[in-house]
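J.: The following block contains the structure, expressed as structure tokens.
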Protein chains: 2
Amino acid sequence: MSSRDGFSWTEKDGLKAGVPCIGAIQPPSNLPEVAKDTVYDVVVVGAGYCGLTAARDAAVAGLKVLLLEGRDRIGGRSWSSNIRGYPFEMGGTWVFWGQSNVWREIKRYGMEDELEISYDFSRGVNRYHLVNEQGTQKFAHDEEDAMMESGLRKLVNVDGAYGKKIMPFPHTSKFTPEALALDKLSVADRLAQIKDSLTPNERLAVETFVLLCSGGTLETTSFFEMMHWWALSAYSYEGCIEYLVKYKFHGGQSSFAIRFFQEALATGNLSYAFNSPVAAVKNTPAGVHVTTREGKGYRAQRMVSAMPLNILNSIAFNPPLSVGKKSAADTGHVNQCVKVHAEVRDRDLRSYTGISYPHNGLFYALGDGETPSGNTHIVAFGGQHQHFEPDENIEKTKEALQGLVPMDIERIVFHNWSKDEFAKGAWFFSKPGLLSTHLGDMRARQGNIFFASSDWALGWRSFIDGAIEEGTRAGLAVRNDLAQARQTPLKPKLA
Amino acid sequence: MSSRDGFSWTEKDGLKAGVPCIGAIQPPSNLPEVAKDTVYDVVVVGAGYCGLTAARDAAVAGLKVLLLEGRDRIGGRSWSSNIRGYPFEMGGTWVFWGQSNVWREIKRYGMEDELEISYDFSRGVNRYHLVNEQGTQKFAHDEEDAMMESGLRKLVNVDGAYGKKIMPFPHTSKFTPEALALDKLSVADRLAQIKDSLTPNERLAVETFVLLCSGGTLETTSFFEMMHWWALSAYSYEGCIEYLVKYKFHGGQSSFAIRFFQEALATGNLSYAFNSPVAAVKNTPAGVHVTTREGKGYRAQRMVSAMPLNILNSIAFNPPLSVGKKSAADTGHVNQCVKVHAEVRDRDLRSYTGISYPHNGLFYALGDGETPSGNTHIVAFGGQHQHFEPDENIEKTKEALQGLVPMDIERIVFHNWSKDEFAKGAWFFSKPGLLSTHLGDMRARQGNIFFASSDWALGWRSFIDGAIEEGTRAGLAVRNDLAQARQTPLKPKLA
């Protein structure tokens, strides 16, 4: 199966839109041809991990569920294209057993032995290349670690305890005023505070790490959110590596997401329609009425909106989004990550990591795997900083790759998240001020709509883990809400 | 409500069996007085976290569930007695967000802000007391940490990487032969290997830490399992503190366990009977027939045995347990932890930690909280080493407490796990050889019985997390199994 999403390039075929994907669902709908007057218990809009979890949990609990998705595939901002026996992760990739929601699911599906470590420093160049406009410096990976750790510890040490004092419970919904005050700062502001203590190389390492996390610019990256990532990652650079970039699925993310879908489907309670972007939602006390762009209408008692923050404004909600939600959606999140995979013939690059900054379109990369043909897989990242559209100029994309480290490219694979109408960006990252003012607004229910997204999870916000956290919350909330409503003697009828 | 379990002592009332417990269930059964000829989808035997999770998940998924429990309360080896507004944790206590299964549930029930830190080093004696037959030494807590870390790193450094090389995936079901070879050693064997490298104080600190983990003796404690705890705890002493003894529920464990029970009950699919110890189980291709000691019989298509390893031999299984399971049950686990709470008038002890070893009946203790009346709560641990029965001689119990640090005792609270017929010991801890030979046997299904217990979890075996892992596994397995069976055209009828 293939998805319309994503691009691949080879010398022979040039740039092609659409790539193979085991998460593309066939048939794209299981609804009857002639629309029936069904009132679903819940309509879930969005089939990323959040929507999949909510739909699955509701279906397992016996609710009649309709899952609507604009794309032709599941997974939202996390999906893999398996090409010639090798998965290229187009979005969210890494997972860790310290992330409770995702690990619980991995355990539950018996997939705990299907993880592998992304990097492999056992052979090859085994070097960290630090490229700036002055040239290239090369370091051993333990020197890279020391530089990163030392730089990051300076960045986060706002309390003399590397964040442990100011943010002792990273999973709380109730941060102290001292912690929330960090949301007034951008990382650029924080870097200005410590500018005299960072060495030039530490500064390069720290800035690229931050941009790798946020996909924004230093000015648009909330320091609070950066501290939150640090706290979640066990307050250490080693933790950052383990939680953020170490373990991925041997078979790709879509091999995991498909389990949620299959489980939901097996209950017999799941109706679904892919290629069905939602245009409008009418939210009344009697239930919700969802209209697709094609003009098809669906009714349900409740709705789970599992769409990202950045696209909420593209849906016509009636009544409109609450003032707080609207304000958050108008602000949006800042992550315009450019993630590009290169399959290269240089076997020695398997143990490469490096940055190229601030001049290069892709500022961070690492050797992320070996394909069955023995090629090396390099994954490279850019973002709002020096932003470019990789599909618009493949030569520029290749230049940005070569600007990291010289490589002999056989294949390029990527998803342009910035031009993706169902995401309008990559994983959530907050600009200063958004979270301290609107996190509660984003999480709030409105009428019969439950808003769920990794974008406003409490714990691993922005991560697959946060998506499952939120899908779990929404699935349970809908179930409890319907159970309560159905005990009332007079059930409202849908108009 | 009160449970028959547990003991409390005060000067005024002396020793009394039975303590208050919000996990004691009233009414103790919701079954009809006159037994009906019901065939349940699944009977779950045991209402600890494992059984509660399996019963809840099955009930939520629409299965007709019967939950049988020998005690008058939920929680199994984890329960709290809330006395005068303060919870004393009689068994499993601490949880952490790095433990995926338990944290997922805490999040799901919105209890992430209900945790507090056990210790408080902000005021009082603020000292680690190291007592041995030569006398008492006192250390600052950072000296305690340094001693523990240095000693433990010597203990675990079998691979030059503090366990990271030999056990890189602590959650795997497939350990390497090198890792499994560690199961041939007891901790006593390992200590003999490193005897020249430990300082005398490091040795005392490490030995008491190991005994605190295992509740056995150094000779009966599997070094493999100790390494597994270390790997799970992020391969560091700091990790051990965070994962093992730092965060507990402000309202006590039973405030958490009750949520599982209430959710299951709210589905309308849960039948239950407490005070109903199971005596015999007939396991036929057509289903299971469970008989209680009272002689009541119940039928179900499937059974989840959520009983601990150490009591499997007290149930008459027909056909008998498989050879491997029987062998594991005959071996049993070694944890005979003696956990004793003292409410003391010494406010300064709030910041006390200490050991008294090898001569004392209780070898480890810490200031674990402050009661509403301003007293300090000390929790103390003993085990198979210098084992004693705290209910048989309260003077000896007091002496063992005073042998740790002088204290002015107002109240003592404990559960004697060794004399508990439904546990026959505390949390699972393996002797050498058991896990490398019988882990798969313990986990295996037998006919229509799914065996689930924290005792044979893959990840946080022995912990609440492992119990939920196993309950999740069993609940899902039963659901899948019944769904598959019911697609067959000829359903077997129960005899």
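The values are calculated or read from the model by the stated rules, or taken from the named source; none is laboratory data. As the structure is a prediction and not an experimental result, all values here were calculated from the model. When we count neighbours, we look across all protein chains shown, and the Cβ atoms used for this are built from the backbone with ideal geometry, even at glycine. We work out accessible area using only protein heavy atoms, side chains counted, and drop any ligands, DNA or RNA first. Shrake-Rupley method; radii C 1.70, N 1.55, O 1.52, S 1.80 Å.
J.: In nanometres, what is the gap between the two model label sites at B:I117 and A:D348, each 7 Å from Cα along Cα-to-Cβ?
T.: So the two model labels end up 4.9 nm from each other.
J.: A further question on this structure: Would you please state which residues of the range B:31-69 a label at B:D481 would reach in this model, taking the label point 7 Å out along Cα→Cβ and a backbone N cut-off of under 13 Å?
T.: B:41-45
J.: May I pose another question? Where the Cα atoms of the protein assembly as shown are projected onto their three principal axes, how long is each span, largest first, in whole Å?
T.: Projected onto its principal axes, the Cα set of the protein assembly as shown covers 82, 67, 52 Å.
J.: Out of the range A:1-72, which GluC sites (Glu not before Pro) are coil in DSSP terms and have no more than 14 other C-beta atoms within 10 Å?
T.: Sites meeting the loop and neighbour criteria: A:E11, A:E33.
J.: Suppose we compare each residue of the range A:163-184 in its chain alone and in the full protein complex with a 1.4 Å probe; which ones drop by at least 50 Å² of accessible area?
T.: For the range A:163-184, once contacts with the other chains are taken into account, A:F169, A:H171 lose 50 Å² or more.
J.: Here's a follow-up. For the range A:209-351, place one equal point scatterer on every Cα, skip the solvent, and apply the Debye formula. What is log10 of I(q)/I(0) at q = 0.09 Å⁻¹?
T.: -0.49
J.: Of A:L458, A:H377, B:T53, which is farthest towards the positive pole of the protein assembly as shown's charge dipole, taken about the Cα centre with +1 and -1 on the beta-carbons of Lys, Arg and Asp, Glu respectively?
T.: Going by the charge dipole, the pick is B:T53.
J.: What Kirkwood hydrodynamic radius, in Å, does the range A:169-275 give when the mean of 1/r is taken over all pairs of distinct Cα atoms and then inverted?
T.: On the way: mean 1/r = 0.0589 Å⁻¹.
In the range A:169-275 this quantity evaluates to 17.0 Å.
J.: Using a cut-off of 12 Å between beta-carbons, work out the net charge of the residues near A:A477 (Lys and Arg +1, Asp and Glu -1, A:A477 not included). Don't jump to the answer; show the numbers that get you there.
T.: Details: positive: A:R302, A:R443, A:R445, A:R473, A:R479, B:R108; negative: A:D57, A:E470, A:D481.
Cβ neighbours under 12 Å give a net charge of +3.
J.: Turning to a different aspect of this structure: Which whole-number percentage describes the relative contact order of the range B:1-89, with Cα contacts under 8 Å and a sequence gap of 6 or more?
T.: Working: 127 pairs, mean separation 25.5, N = 89.
Reported relative contact order: 29 percent.
J.: Among all the aspartates and glutamates, which ones have a C-alpha under 15 Å from A:K64's C-alpha, if same-chain residues fewer than 8 places away are not counted?
T.: Within the straight-line limit of under 15 Å, A:K64 reaches these aspartates and glutamates: A:D37, A:D41, A:E263, A:D481.
J.: How charged is the neighbourhood of B:D348? Take every other residue with its Cβ under 12 Å from the Cβ of B:D348, and add Lys/Arg as +1 and Asp/Glu as -1.
T.: Values: positive: B:R123, B:R127, B:R345, B:R347, B:R350; negative: B:D120, B:D346, B:E370, B:D408.
Net charge around B:D348: +1.
J.: Starting from the Cα of A:K36, draw a straight line to each of the aspartates and glutamates and keep only those under 17 Å, dropping any in the same chain fewer than 8 residues away.
T.: List returned: A:E294.
J.: Using alpha-carbon pairs under 8 Å, 6+ residues apart, how would you state the relative contact order of chain B in percent? Mind showing how you got there, number by number?
T.: Numbers: 1133 pairs, mean separation 121.3, N = 495.
The value is 25 percent.
J.: Given a 1.4 angstrom probe, I'd like the percentage of the accessible area of the range A:248-301 that is carbon and sulfur, rounded to a whole number.
T.: Details: 1010 of 1980 Å².
Whole-percent figure for carbon plus sulfur exposure: 51.
J.: Restricted to Cα positions, what overall size does the range B:75-200 have along the principal axes? Three whole-Å values, descending.
T.: 49, 45, 25
J.: Right, something else. Relative to the present Cα-Cα distance, how much length would full extension add between B:Q402 and B:A192 at 0.36 nm per residue of separation?
T.: Details: separation 210, 0.36 × 210 = 75.60 nm, distance 3.12 nm.
Length gained, B:Q402 through B:A192: 72.5 nm.
J.: A further question follows. Starting from the Cα coordinates of chain B, work out the convex hull volume and express it per residue in Å³.
T.: Values: hull volume 68.3 nm³, N = 495.
Once divided by residue count, the hull of chain B is 138 Å³.
J.: Oh, and also: Restricting attention to the range B:1-110, which trypsin sites (Lys or Arg not before Pro) occupy a DSSP loop and are surrounded by at most 16 other Cβ atoms within 10 Å?
T.: For trypsin sites (Lys or Arg not before Pro) across the range B:1-110 that sit outside H, G, I, E and B with at most 16 neighbouring Cβ atoms in 10 Å, the list reads B:K12, B:K36, B:R84.
J.: Around B:T397, what is the net charge, scoring Lys/Arg as +1 and Asp/Glu as -1 over all other residues with Cβ under 10 Å from its Cβ?
T.: Values: positive: B:K396, B:K398; negative: B:E389, B:D391, B:E392, B:E395, B:E399.
Neighbourhood net charge equals -3.
J.: Right, something else. Any residues in the range A:467-482 that have 40 Å² or more less accessible area with all protein chains than in their chain alone, probe 1.4 Å, and which are they?
T.: With the partner chains in place, the range A:467-482 has these residues losing at least 40 Å²: A:T472, A:L476, A:R479.
J.: Straight-line reach only, C-alpha to C-alpha below 23 angstrom: list the lysines that A:K12 could link to, leaving out same-chain residues fewer than 8 apart.
T.: Result set, ordered by chain and number: A:K339, A:K396, A:K398.
J.: Related question: Using the scaling law 2.2 N^0.38 Å as the reference, what is the normalised Cα Rg of the range A:387-441? Let's see the in-between values first.
T.: On the way: Rg = 16.2 Å, N = 55, 2.2 N^0.38 = 10.1 Å.
So the range A:387-441 has a normalised radius of gyration of 1.61.
J.: Assuming 0.890 mPa s and 25 °C, estimate D for the range B:331-426 with Stokes-Einstein, Rh taken as the Kirkwood radius over Cα pairs, in µm²/s. Write out the running numbers ahead of the final one.
T.: Details: Rh = 13.5 Å.
Reported coefficient: 182 µm²/s.
J.: Filter the trypsin sites (Lys or Arg not before Pro) in the range A:148-184 to those in DSSP coil with at most 11 other Cβ atoms within 10 Å of their Cβ, and list the result.
T.: On the way: sites: A:R153, A:K154, A:K164, A:K165, A:K174, A:K184; in loops: A:K164, A:K165, A:K174.
Counting only loop positions with at most 11 other Cβ atoms within 10 Å, the trypsin sites (Lys or Arg not before Pro) in the range A:148-184 are A:K174.
J.: For the range B:1-98, what are Rg and Dmax over the alpha carbons, in angstrom?
T.: Answer for the range B:1-98, Rg first and Dmax second: 16.3, 52 Å.
J.: Now, a different point. Let's test the formula: R0 of 35 Å, r as the Cβ-Cβ distance of A:S373 and B:A161. What FRET efficiency results, to the nearest 0.05?
T.: Details: r = 32 Å, r/R0 = 0.91.
The value I calculate is 0.65.
J.: Can you give the Rg to Rh ratio of the range B:128-203, both from alpha-carbon atoms, with Rh computed by the Kirkwood formula?
T.: Numbers: Rg = 15.3 Å, Rh = 14.3 Å.
Computed over Cα atoms, the ratio is 1.07.
J.: Determine one quarter of the surface area of the Cα convex hull of the range A:348-394, which equals its mean projected area, and express it in nm² to one decimal.
T.: On the way: hull surface 15.6 nm².
Over all viewing directions, the range A:348-394 projects a mean Cα-hull area of 3.9 nm².
J.: Relative to the longest principal Cα axis of chain A, at what angle does helix A:141-156 sit, 0 to 90 degrees, rounded to 10?
T.: So the inclination is approximately 60 degrees.
J.: Please count, across the range B:147-293, the pairs of lysine residues with Cα atoms under 19 Å apart that sit 8 or more places apart or on different chains.
T.: 9
J.: What number in nm² do you get for the range B:378-495 if you take the convex hull of its Cα atoms and divide its surface by four? Intermediate results must be reported in sequence, preceding the final value.
T.: Values: hull surface 46.1 nm².
Averaged projected area of the range B:378-495's Cα convex hull equals 11.5 nm².
J.: Under a point spin-label approximation (7 Å from Cα along Cα-to-Cβ), what is the B:T172-A:N313 distance to one decimal in nm?
T.: Each label point is offset 7 Å from its Cα along the Cβ direction, giving 4.9 nm.
J.: Relative contact order for the range B:41-83: what is it in percent, counting Cα pairs under 8 Å that are at least 6 residues apart?
T.: On the way: 51 pairs, mean separation 20.7, N = 43.
Contact order relative to length: 48 percent.
J.: Take the range A:45-138, compute every pairwise Cα distance, and split them into 10 Å bins from 0; I just need the percent in each bin.
T.: Each 10 Å bin holds this share of Cα pairs: 12, 29, 31, 16, 9, 3, 0.
J.: If you line up the long axis of helix A:464-487 against the longest principal axis of chain A, both from Cα atoms, how many degrees apart are they, to the nearest 10?
T.: So the helix axis and the longest Cα principal axis differ by about 10 degrees.
J.: Hey, any idea what % of the range B:1-147's accessible area is carbon plus sulfur with a 1.4 Å probe?
T.: Numbers: 2760 of 5620 Å².
Carbon-and-sulfur percentage of accessible area, whole number: 49.
J.: Chain pair A, B: how much accessible area is buried, both chains summed, with a 1.4 Å probe, in Å² to 100? Present the calculation step by step, with values, prior to reporting the outcome.
T.: On the way: alone 19080 and 19070 Å², together 35100 Å².
Adding both sides of the contact gives about 3000 Å².
J.: Send over a whole-number figure in Å² for the accessible area per residue of the protein assembly as shown, probe 1.4 Å.
T.: Heavy-atom SASA per residue in the protein assembly as shown reads 35 Å².
J.: Rounded to two decimal places and with Rh computed the Kirkwood way over Cα pairs, what is Rg over Rh for the range A:264-334? The partial results should precede the final answer.
T.: Details: Rg = 13.6 Å, Rh = 13.5 Å.
On the Cα set of the range A:264-334, Rg over Rh gives 1.00.
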